[in-house]
Each structure stands twice: as structure tokens, then as C-alpha cells.
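Structure first, commentary second.
The values are calculated or read from the model by the stated rules, or taken from the named source; none is laboratory data. Keep in mind the model is a prediction, meaning the values are calculated, not measured. Counting neighbours? That spans all protein chains shown, and the Cβs are built from the backbone with ideal geometry, glycine included.
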Amino acid sequence: MPTATFKIWRGQGGVGAFEEHEAEVSEGMVVLDAVLQIQASEANDLAVRWNCKAGKCGSCSAEVNGKPRLMCMTRCSDIDLTEPVTVEPMKAFPQIKDLVTDVSYNYEAKLRVKPFNPRPPDNEDGTWTVYQEDIDRGQEFRKCIECFLCQNVCHVLREHQKFDEFIGPRVLIHSAYLAMHPLDVEDRTRDLKEDQGIGYCNITKCCTAVCPESIKITDNGIIPLKERVADGFYDPVAKLFRRLVGKSR
Amino acid sequence: MAEVRTLDYDVLIIGAGGAGLRAAIEASSAGVRVGVVCKSLLGKAHTVMAEGGMAAAIGNVDDRDNWRVHFADTMRGGQYLNNPRMAELHAKEAPEVVKQLEAWGALFDRTKDGKILQRNFGGHKYPRLAHVGDRTGLEMIRTLQDHGIHQGIDFHMECTVTKLLKSAGSISGAFGYFRERGQFVLFRSKAVVLATGGVGKAYAITSNSWEYTGDGHALAYHAGADLIDMEFIQFHPTGMVWPPSVRGILVTEGVRGEGGVLTNSEGRRFMFDDIPELYRNQTATDPEEGWRYVTGDKNANRPPELLTRDHVARCIVREVKEGRGSPHGGVFLDISWIKSKLPNAEDHIKKKLPSMYHQFKELADVDITKEAMEVGPTCHYIMGGIRVNAETQMSTVPGLFAAGECAAGLHGANRLGGNSLSDLLVFGRRAGHAAAEYAGSHSPGAIDQAEVDAEAAKALKPFDGGDENPFQVQKSLQSMMQSLVGIVRTESEMQEAVVGLGELWQRYAKVGADGNREFNPGWHTALDLANQLTCSEAIARSALVRKESRGGHFRIDFEGKDPEQAKVNTVIRQAADGSMTVSQEPLVPMTDEQRQIIDEMK
Ligand SMILES: Cc1cc2nc3c(=O)[nH]c(=O)nc-3n(C[C@H](O)[C@H](O)[C@H](O)COP(=O)(O)OP(=O)(O)OC[C@H]3O[C@@H](n4cnc5c(N)ncnc54)[C@H](O)[C@@H]3O)c2cc1C
Ligand code: SF4
Ligand code: SF4
Ligand code: FES
């Protein structure tokens, strides 16, 4: 079987170096397979997160040849194997060990978003009448597997470290799902501006570019939210109108 | 003495999949202190991978559906080994708990008149599965997670429990370690709910992740609880078979629910050739009727592709064995053929099965809107597990509860697709409620410090320089279980497996971990291995005593069903000397009303 060289970042707390390993490459293999093969044979203590191996859980985020990717969805046949393949942890988050980073910020940021708050049920059996077209957009945002790759590439977090001021693209589309939820009655405009820091986003769309679920984070989520914030703050009439007719987009 | 951090709870929940989260929400709503631990990050448990949907007789698509039909379907699917009270509670309560998810923000696919849409699935008489495309589990876990984080519950992510602690016969806590730094932790808790999922990582070809090492089963067993029905493993008929690196990854039954057909190398829809007696009245007689069924004709019967999973899996094995398989040792599953029936088939497939489309496109270079997939059986689910009381989910150990895949009873000998997600909600809620109540009426039990120290020392043993590689021992176990206690079983092979397990236990005693205690998967795997070996032994020993074929348990040396075996559960229990005992005990009897429903629905 052909082999390839993988340079895997090894170390703890940000101190470390690349370590070279050979892996056998079989048909259809993904980068995560190579990493697990190396782990099972010569580096039992190589730290890496994974669960589903099918792009569904968002555990295996890393940077492969410098590109933020899900390792389980990165086919070896799609990368140049004549050169060593580098595999590094996501860089925006503190490193724990090897490929594993401390992603707790993302969980904490979500707590800054007020929970879902539905209007009273429409029907006697406690259900609501909601049509598919009212939730198509929301369902797009709900495809998010919380891989945090978008958070990892957003320059506001990665370069400028605005972790206290800004919740990042992943959590903004969580906010967008709630704001566009046909049943939600919470007024979220003030929070978006003040607690969630939507103003820090300058629409570079780097987040959208890396999303493995192809969610149009910026165009469908952040930009409409920004418009709402602008309307809500500078156009009290529009805000009042929206309150009166409900919030169906 | 090892350094151990101590945390106090009224209710400790081990597992943050659908069952654990639902239990946590319920327990905390009763006002008690709740802690949740899980091996991975929050939101990554197996539940996130569930695809097809959750079964609940809401009757939105076919108003003939109701709990009685769902109950009868579940019992028939389980070949009547189910705990009938659990099957009844599940069928009655599933609609309510599914609708409740909507109140917490879930966005289910809708019917034209604005209700929750339901789809067809194997063994369910009417379209019954509430779903979101083919990513229902993601919607479910995210809804529970996002609701749960605002309920004052403490979450301890990447923390693995290795032992349950008891005092005077009842649960008093649990011991474990944080994966990140390797520190030990002692949870003192009045009640413990196990929601740890399954055991599928004991097999080589599996849809299950590294987490599925049967921890909850083994923890309960060592705490003195009974396990039942451990011989019943579900091999899902459709896993990916090619390329090798994705072998075993699940292809949702939703593909067949949307009209996908199974064919062999001769192009024949072989499922029409073998329709079991129990289902003859409910199965289509020709492809045309099958298509009418999946497109909603209420007078049509379901196509044979939607027979129960155990049966479909065995038919596939037969086709492959008899030389009619696909190039890589599976059969063909084709959804693209619906082009001949639907004008916008391509978009329809992408809308209904987006992640299958994505999965095949990205991982196998197959466009499912244009060509057939290659599929074969993959280890998927364990019906057996911790024996529980139907109302409270309490195990045979006071204060120890279990819910979800690690508990047993609801599914009998075979689980119907979609009945797991609803199981998690119904019995997660019940377990959370009962555990909170139990905690309210009991004071904390004592903790035996010597026991804690002994467990800490045991956990550190792999660092003593053993020379067995834990991953390699695990691999040997997986290939042995796959070939000797797999889909098709026989006495001599299973005896061989029992001997083989003895040898693996010896290798396990010598496993070593390199490096230090910080996020060290080799060490973690070494500790998980003991649970895998315990569960594998329980599976093999149970399978040996059930000398018949039923549901997920198929023996070539005893091909038919034995009416005597229809009356018993297989029970695994630890003897006083630490050895594993296996016995057979009578089933929970059906009430007259339950029996009547089943007769009516024959
Ligand atoms: C690919 C796939 C698709 C599926 N599709 C469907 C479907 O469409 N419909 C359906 O009904 N069912 C489906 N199933 C089955 C269903 O998803 C599972 O049975 C169900 O999600 C199990 O839920 P659970 O809450 O019991 O456990 P899980 O969701 O597996 O959660 C187990 C939890 O326990 C934790 N844990 C385990 N051991 C320990 C320990 N020692 N210490 C601490 N924490 C521990 C884990 O970290 C995890 O958080 C599918 C399964 C798979 C694998
Ligand atoms: S578009 Fe906004 S959120 Fe996305 S990466 Fe750019 S700045 Fe960050
Ligand atoms: S939005 Fe996309 S990139 Fe961001 S966390 Fe979700 S799935 Fe990952
Ligand atoms: S392992 Fe789940 S997304 Fe890669």
C-alpha cells in the first residue's frame, strides 16, 4: 500500500513541534483515518477529538495544510501526498494537547443569547401551526454541527481576540435562528448590538467559506441581523410595526 | 493517596445524549441539584448522528394511527420479548414528548397544513416518524442542549466515569476522571441515572463511535444490577461498504422510506422473495403497490424493503453469500430510480436526504440522485441492557436508574427504526423524574474512602509499563466478535469466542499507556477496554443459552423459533465470587388489554 508522510503538531499548552509519521493510504481514506492509524500504532497518546467519522458531529476540526477542515471529510486523494501533509489544531483557541483545543469559549458565548421564548400555542393540543416556508431559513441555520471552524477563522476572534465583546459567527447564526423563528417573541435587537457585538463583524465572509455544512452564515444570517439592528435602533417606527404584526421575517 | 476532586449532587446523570439530557431537564425541573457528565463535548453524543426520525403516533399524516397501533408494531417488531408495559408507556407518551421539543424550539419538517410531518419507516404500519430531513438527531440533541443549558444544570464535559459507588446496597456516588488533565473526581450523589448508550465498538464493522464501549452496561453490572437480553444486537441492514475507510457508516432507513429499493447483482428486488409470515398481510405484493405506499396511498401495503431490520440484514447476507452481491460485498440500494416516477426527483432526494447525498458524494464519489449505493449490514444498536422498572426506570440496585440505549425492555428482540429517539425522550423523562423523587426521599450514602483509593490505583495501572497496545487489543476483540458472535451465530464459534475472551482478558491485564495523564487516548482506551470485554462476554454467554433464532439473534444451528424461548429473558448477573452468571427468567406478562390489542392488530 502506498504511504504518505503526515506532520502532526504535538505538544501541550501551546509549546510543541511537528512530529513526522508515515501512514498507509488506502482508497477513499480521509485524513482522520491517517491520524487514527498513527495513534493506534506508534503514538497511542496522540490527542485528537472525533465521534461520527461522517461530518455529522463537528468534533474533528483541525487545520490540514493550513486549511481549517473537518478531518473526517478531508479525502487524502484531494490533497498533495508527495509533500508531507501538516495537521495542526485550530489556532484561535487555547491548545490543550496535540490536536485538541479548549473550545469552552463557544459554549460560554452561547449562554449570552437569551433562550427560545415562544408565543402561546395556536392549538388546543399545545401545538402550533407553522408552514414549511416559514422555517426553511431557520432549518438552514440548524444544520450547524458546532465544529467551530467559522469561529476559528473569524479575524475578530483569531487576530483581535475580541472574545469578551463578540460571540462569533457560529453563535450569531444561533441568534439568527432564534430571531427568525416564527414562534419566538423575544426582542433580540438590543442584545445583538450590545452583548453579542454584531457590529464587530465587517462581512469578510471567511466564516461562510469554511462552513462544512455550507450555511450562508453571512448572507443569510449576519447581514439580515445587522439590518434589523440598524432598523431597530434608528427606525423606531419599523420596530413598532414589527412588534405589532409579529416577527415573521 | 491520589488527589481527588469531590462534587455533590442530588442526581448525577452519566451521559449527555438524548436520554441523559432529557433526564437532566426533568430532574432539574423538580428542583434538585443535577450534574451531567459525558465523555465527549456537549452535543457530540451518538444522538447527534441519528438520521431518520423519531416514532410517535401523532397521526398527522395518517389519522388511523394511534398508540394502540404503535404498541402492537413495537411488540411485533420485538418478537414479543419486549416489556409490554414499557412498550405501552412509550406508545402513549411519545406524541407528547415529541411535541414538547417544538415548544423548546425544534424545527421539524412540516405537512402542507402546518403540522409536524411524519415519514414511513420499517415495521411501522403508518407514517410515524417526526423528522428533519435526515438529520433528526442533530435537531433533537441541539434542542435539548440549548434548553438544558439554561436550567441550572452543571455540565462536566470530557469526563469519564469508571465506577459506581454503593453504601448499604444503594447507590452513593460515582468515580471518574477528567480527560483533559487526567485528574480524578468523586461524585457524591443520592441517585445516579445511566444514559451511556451502547456497545457497538465491540464490532469491527459498526456505525458506532469510540464512545460506544458499553460503559453503562458494565458499570451497572459491577454494581450488582441485572442485565437482560444481551444477545440481541441490531445489525442495521444498510451501512456503507466502500471505500474501506467508511465501511460501516450508516445509510439511513429513510432512503427506503422515501422509496429506495434493494437489488442484487442480477437487478432483482430480492426482498420480494422472502416475506415472513408475521408480516405477510402488511406487505406489498408487487413494486407498484410498494411505490404507492411510500407516496401515501392509504390502501397500499409497504414494500418489503421496509420489513424489520433483522430480516432485511439477513436477506442481504444471503444474497452476498450466494454470489449475487455488489462488487464490494454488499447489495445495491437505489433511490435514483424514482426519476421515472417524479419529475423533480433530483431536488426531492437532495431535500429529503441531504446528508446522505453529501456523505456519498464526499466520501464515496457516488451521486445518489444518479446511481445506486452499495450497502451491507453494520452493527448499530443493542436491544439488551440494564433491567429496569417500566414506570421509574430504576434498575435492580436502589438509586441506580437507566434510560436510553443502555436500558433494556422496550425493544425486545429487535428495535424498530425511530423507536430509539422517542425512547430517549419518554424514558429519559421518566428516569429524571423518578431519580429526583428518589433523591428527595433519601439522604446521601456514605463513601468508602478505601474503595475510592483502590479505584484510583486501578485507573493508573496502565502507566506501570505494560507492553500490550490498548488499540491493538481492542482491534483483536472487534474482529473476533464480528466473525464469531456476529449476524449469523453457531454454538462452536461462540464457544470459541468465550475462550478467545479469556485470552483477551489476559492481554488486557498487560495493557500499557505511554505518555502522561493529560488528554491521553491510549490510556482512555485501556480503561474502556475492560467494559468492552465485560459486555462482549455478556453478549456471547447470553447468545449461547438462547438456542433459537429470533430478532437480532440468528443461529444456524437453531434456525427456527422455539415457543419455550418465547417466554423468557436472558439475565446476566455477577455472582458473589465475581464470575458472570447467565440464567433465563420469565418475561413480564402482558395484561388482558395488551393481549387484546395485539390480537386485533394481527
Ligand atoms: C448513525 C446512527 C443513526 C441513527 N439513526 C436513528 C434514527 O433515525 N432514529 C432512532 O430512533 N434512532 C437512531 N439511532 C439510534 C439512536 O441514535 C441511539 O440509540 C440513541 O441516540 C442513543 O441515545 P442515548 O441517549 O441512549 O445515548 P448517546 O446519545 O449515545 O449518549 C451516550 C452518552 O453517554 C456518555 N457516556 C458513555 N459512557 C460514559 C462514561 N463512562 N462516563 C461518562 N459519560 C459516558 C457519552 O459521552 C454520551 O454523552 C441511530 C444511531 C446511529 C449510530
Ligand atoms: S463575516 Fe463577520 S463573522 Fe464572518 S468571518 Fe468575517 S468578520 Fe467574522
Ligand atoms: S456554522 Fe458551519 S462552520 Fe460554523 S460551527 Fe456551524 S457548521 Fe461549523
Ligand atoms: S468525526 Fe464527526 S465531524 Fe468529523
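Remarks
- First in segment B:42-57 and in contact (Cβ under 8 Å) with a residue 40 or more places away in the chain, second anywhere and of a type in the set (S, T, N, Q) and more than 7 Å from ligand 1 (Cβ to nearest atom), Cβ under 7 Å, 6 or more apart: B:42/B:145; B:43/B:145; B:46/B:209; B:51/B:355; B:57/B:66
Yes/no matrix, rows are residues, columns are (1) facing chain B (nearest Cβ under 9 Å); (2) touching an Asp or Glu at 6+ places or on another chain (Cβ under 6 Å); (3) at pLDDT 95 or above; (4) over 26 Å from residue A:214 (Cβ atoms):
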residue	(1), (2), (3), (4)
A:110	yes, no, yes, no
A:119	no, no, yes, yes
A:125	yes, no, no, yes
A:131	yes, no, yes, no
A:136	no, no, yes, no
A:146	yes, no, yes, no
A:151	no, no, yes, no
A:158	no, no, yes, no
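- Residue within segment A:160-176 that is basic (Lys, Arg), at the interface with chain B (Cβ under 9 Å from one of its Cβ atoms) and within 28 Å of residue B:46 (Cβ to Cβ) present: no
- When B:112, B:166 are checked against the criterion of being part of a loop (DSSP other than H, G, I, E, B) and either surrounded by fewer than 20 Cβ atoms within 10 Å (Cβ to Cβ) or more than 23 Å from the chain's Cα centre (by Cα) (or both), B:112 stands alone in meeting it.
- Selection of segment A:33-63 for residues being more than 16 Å from ligand 3 (Cβ to nearest atom) and either acidic (Asp, Glu) or in contact with a Cys (Cβ under 8 Å, 6 or more places away or on another chain) (or both) yields A:33, A:34, A:42, A:45, A:48, A:53.
- Residue A:137 vs. criteria within 16 Å of ligand 3 (Cβ to nearest atom) and farther than 24 Å from residue A:71 by Cα: yes
- Among the conditions (1) farther than 27 Å from residue B:246 by Cβ; (2) assigned to a loop (DSSP other than H, G, I, E, B), the only one that residue B:280 does not satisfy is (2).
- Flag for residue B:215 being among the charged types (D, E, K, R), farther than 17 Å from residue B:47 by Cα and touching a residue at least 12 places away in the same chain (Cβ under 8 Å): no
- Residues within segment B:118-132 that are more than 8 Å from every other protein chain (Cβ to nearest Cβ) and in a loop (DSSP other than H, G, I, E, B), tallied: 10
- Among the residues of segment B:259-305, those identified as among the aliphatic types (A, V, I, L, M) and closer than 27 Å to residue B:63 by Cβ are B:278, B:284, B:294, B:300.
- Here is the figure for segment B:87-109: residues that are crowded, with 19+ Cβ neighbours inside 10 Å and either assigned by TED's automatic domain parsing to the domain that holds residue B:312 or of a type in the set (Lys, Arg) (or both) total 1.
- Residues considered: A:114, A:56, A:91. Of these, the only one that is within 16 Å of ligand 2 (Cβ to nearest atom), at negative phi and basic (Lys, Arg) is A:91.
- Within segment B:20-66, if we keep just the residues that are among the charged types (D, E, K, R) and within 30 Å of residue B:524 (Cα to Cα), the residue that is farthest from ligand 3 (Cβ to nearest atom) turns out to be B:33.
- Taking segment A:13-35 as the range and being within 10 Å of chain B (Cβ to nearest Cβ) and closer than 13 Å to residue A:74 by Cβ as the test, the residues that pass are A:25, A:28, A:29, A:30, A:32, A:33, A:34.
- For segment A:196-215, the candidate set comprises residues that are surrounded by fewer than 17 Cβ atoms within 10 Å (Cβ to Cβ) and outside any helix (DSSP H, G or I); within that set, the residue that is farthest from the chain's Cα centre (by Cα) is A:202.
- Residue that is surrounded by the fewest Cβ atoms within 10 Å (Cβ to Cβ) [pool: residues in segment B:33-65 that are touching a Ser or Thr at 6+ places or on another chain (Cβ under 7 Å) and under 11 Å from residue B:17 (Cβ atoms)]: B:40
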